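Since the structure comes first, as structure tokens, the remarks are kept for the end.
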Amino acid sequence: MGKQSASIGDQLRKAVGTIVKATVLEIDANLRASPDQGGTPVDTGHVRANWVPNIGSPADVVADGDGAHAAGLAALIAYKLEQGPAYESNHVPYISSLNYGHSAQAPALFVEAAVDRALVTMQGRYGSAAISVDRFRDDVGGQGAENLASAYSPFGGD
């Protein structure tokens, strides 16, 4: 029975890790989409380029190019559940202003809308029982614009 339990545990960790990875990738794609598709407003492209996935904690960089994003994607693709939560973050100082409606290119709360679209996509792909973040809804809204569009943490907490 011990070997079977260990095998089931391994399968569950792998499945949940896959869902975490796919969810953050979907949020990343939604945030980096064009504004007419609900993505980040674009003037110079600086804000959109600064959506950076990271493992364990939000990325703490303001990127000069796509290097931080590429490194974050590489880490995310290699992600294992045991590494902790996966995040999508943006450290551009005015991300909050943009999210609260400063740009005519995107509606207010486009970050929350991008996260919601990703969750709907993931629920369609994996089932609503596998993706349920209702208890995080308030946190995703307020903190998302502030720098924690933290999509999903299988460990709960902040």
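The values are calculated or read from the model by the stated rules, or taken from the named source; none is laboratory data. Small disclaimer: the values here were computed from a predicted structure and weren't measured. Note that we place each Cβ from the backbone using ideal geometry, even for glycine, and neighbour counts take in every protein chain shown.
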Tally time: how many residues in the range 46-75 are part of a loop (DSSP other than H, G, I, E, B), of a type outside the set (G, A, S) and within 14 Å of the chain's Cα centre (by Cα)?
3
Tell me, which residue of the range 93-114 that is of a type in the set (A, V, I, L, M, F, W, C) and closer than 20 Å to D60 by Cβ is surrounded by the most Cβ atoms within 10 Å (Cβ to Cβ)?
V111
Matching residues, the range 105-120, being over 13 Å from N90 (Cβ atoms) and modelled with pLDDT of 90 or more:
A108, L109, E112, A113, D116, R117, A118, L119, V120
I'd like the full set of residues that are out of contact with any helix residue (DSSP H, G or I) (no Cβ under 7 Å at 6 or more places or on another chain), modelled with pLDDT of 90 or more and closer than 16 Å to R32 by Cα, limited to the range 53-68.
A68
Those residues of the range 85-106 which are among the aromatic types (F, W, Y), over 18 Å from the mean Cα position of the chain (by Cα) and not in a helix (DSSP H, G or I) amount to Y94
Restricting attention to the range 41-50, report how many residues are small (G, A, S) and either over 21 Å from L98 (Cα atoms) or surrounded by 13 or more Cβ atoms within 10 Å (Cβ to Cβ) (or both).
1
Any residue in the range 76-84 that is surrounded by fewer than 19 Cβ atoms within 10 Å (Cβ to Cβ), assigned to a helix (DSSP H, G or I) and acidic (D, E)?
yes
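Select, from V42, V20, V61, the only residue that is within 30 Å of S128 (Cα to Cα) and hydrophobic (A, V, I, L, M, F, W, C).
Answer to the selection: V20.
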Pairs, first free of Cβ contacts under 8 Å to residues at least 40 places away in the same chain in the range 37-66, second assigned to a loop (DSSP other than H, G, I, E, B) and aromatic (F, W, Y), C-beta under 7 Å, six or more apart:
I55/Y79
Restricting the search to the range 1-40, which residues are surrounded by fewer than 18 Cβ atoms within 10 Å (Cβ to Cβ) and assigned to a loop (DSSP other than H, G, I, E, B)?
M1, A33, S34, G38
Among the residues of the range 125-140, is any modelled with pLDDT of 70 or more, over 14 Å from L31 (Cβ atoms) and in a helix (DSSP H, G or I)?
yes
